[in-house]
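Sharing a structure below in structure tokens format, with a few things to ask.
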Amino acid sequence: ILNRLVNWTGEGIIIDGDQRHPELIAQACNVTGKSVGTPIEADNIDESATDLPPDRATMYRACVARGNYMSQDRSDIQYAVKELSRAMSAPCKGDVKKLKRLARYLARAQRSKLLFRYLTREEARVVVYSDTDFAGCRRTRKSTSGGVLMLGSHTIKTWSSTQAVIALSSGEAEYYGLVKAAAQGIGAKAMLLDLGIDVNEPVEVKSDASAAIGIAQR
């Protein structure tokens, strides 16, 4: 919990991420002026592929690393940071444009606090939500799996990850995301057992994809 603020209150526990990172990213990107309401735009395959000079590439990697650290507390930037991280080995000018978009978004939404209200053991049930962006990457045609793991009313974990396999249909992509969500839920339940908390109810996985649900049920 390096540089995070953790407050115990009568209502619950409040976690506030490190406030310096948005400012440092904005300074490194030399971002001033108008902020934006979303951290990333739709992928554009026509972006410039010109490689960056070494000093600019180092700046890019440092800012993305800060964003990656922030994304542990900020589910709103996880997808944007994941996409930026894919260009860490050889960033180009188009990637810097995406990074500046994230910096302008963080200038508008600098802080995000998480409130964890006190729960009883009866309320502690594991529910996982799964969704997939089929073929969202226009360059590789790979899909992105996203999910939210809940313990009662608490958001314990969120993720946004590029699937390794190129799915041939939306149902296939959604099923891969559903399997990942189920694995995350089972892992969370096993961790709770290690902490002495026995969740009697089975892990519940939710998805809006009828094809993936049908495959899973069969």
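Check SER89, SER71, SER85, SER75 and return the single one that is crowded, with 17+ Cβ neighbours inside 10 Å and free of Cβ contacts under 8 Å to residues at least 24 places away in the same chain.
Every option except SER71 fails the conditions.
Those residues that are open to solvent by less than 80 Å² (accessible area, probe 1.4 Å) and either among the charged types (D, E, K, R) or closer than 19 Å to VAL81 by Cβ (or both), I need them from the range 185-196; list them, please.
Across the range 185-196, the qualifying residue is only LYS189.
Within the range 109-117, does at least one residue satisfy the condition of being more than 30 Å from CYS29 (Cα to Cα) and either of a type outside the set (D, E, K, R) or surrounded by 15 or more Cβ atoms within 10 Å (Cβ to Cβ) (or both)?
Scanning the range 109-117, I find at least one residue that is more than 30 Å from CYS29 (Cα to Cα) and either of a type outside the set (D, E, K, R) or surrounded by 15 or more Cβ atoms within 10 Å (Cβ to Cβ) (or both), so the answer is yes.
Where in the range 80-195 are there strands (runs of 3 or more DSSP E), lying wholly inside it, with at least 3 residues that are at pLDDT 95 or above?
In the range 80-195, 126-133, 144-151, 154-162 are the strands (runs of 3 or more DSSP E) which contain 3 or more residues that are at pLDDT 95 or above.
Take the residues of the range 17-46 that are touching an Asp or Glu at 6+ places or on another chain (Cβ under 8 Å) and at pLDDT below 90: which is farthest from LYS100 (Cα to Cα)?
GLY17
Could you check how many residues of the range 196-213 are without any contact (Cβ under 8 Å) to a residue 24 or more places away in the chain and either closer than 14 Å to ILE156 by Cα or assigned to a strand (DSSP E or B) (or both)?
Total meeting the criteria: 0.
So THR38 fits all but one of (1) within 21 Å of SER153 (Cβ to Cβ); (2) in contact (Cβ under 8 Å) with a residue 60 or more places away in the chain; what number is the exception?
(1)
Then there is this: Return the only residue of GLY136, GLY171, GLY152, GLY146 being touching a residue at least 40 places away in the same chain (Cβ under 8 Å) and within 28 Å of ARG4 (Cβ to Cβ).
On inspection, the qualifying residue turns out to be GLY146.
Considering each residue of the range 153-174, count those that are open to solvent by less than 60 Å² (accessible area, probe 1.4 Å) and either within 14 Å of the chain's Cα centre (by Cα) or under 24 Å from GLN217 (Cα atoms) (or both), and give that number.
12
Please state which one of ILE77, ILE1 is of a type in the set (A, V, I, L, M) and not in a helix (DSSP H, G or I).
Result: ILE1 is the single residue among ILE77, ILE1 that is of a type in the set (A, V, I, L, M) and not in a helix (DSSP H, G or I).
For THR120, which of the numbered conditions (1) touching a residue at least 24 places away in the same chain (Cβ under 8 Å); (2) open to solvent by less than 80 Å² (accessible area, probe 1.4 Å); (3) within 19 Å of ILE13 (Cβ to Cβ) fails to hold?
It is condition (1) that THR120 fails.
The values are calculated or read from the model by the stated rules, or taken from the named source; none is laboratory data. As the structure is a computational prediction, the values presented were derived from the model and not from experiment. Cβ: placed from backbone, ideal geometry, glycine included. Neighbour counts: every protein chain shown. Ligands, DNA and RNA are stripped out before the accessible areas are found, and what is left, the full protein with its side chains, is counted by its heavy atoms. Shrake-Rupley method; radii C 1.70, N 1.55, O 1.52, S 1.80 Å.
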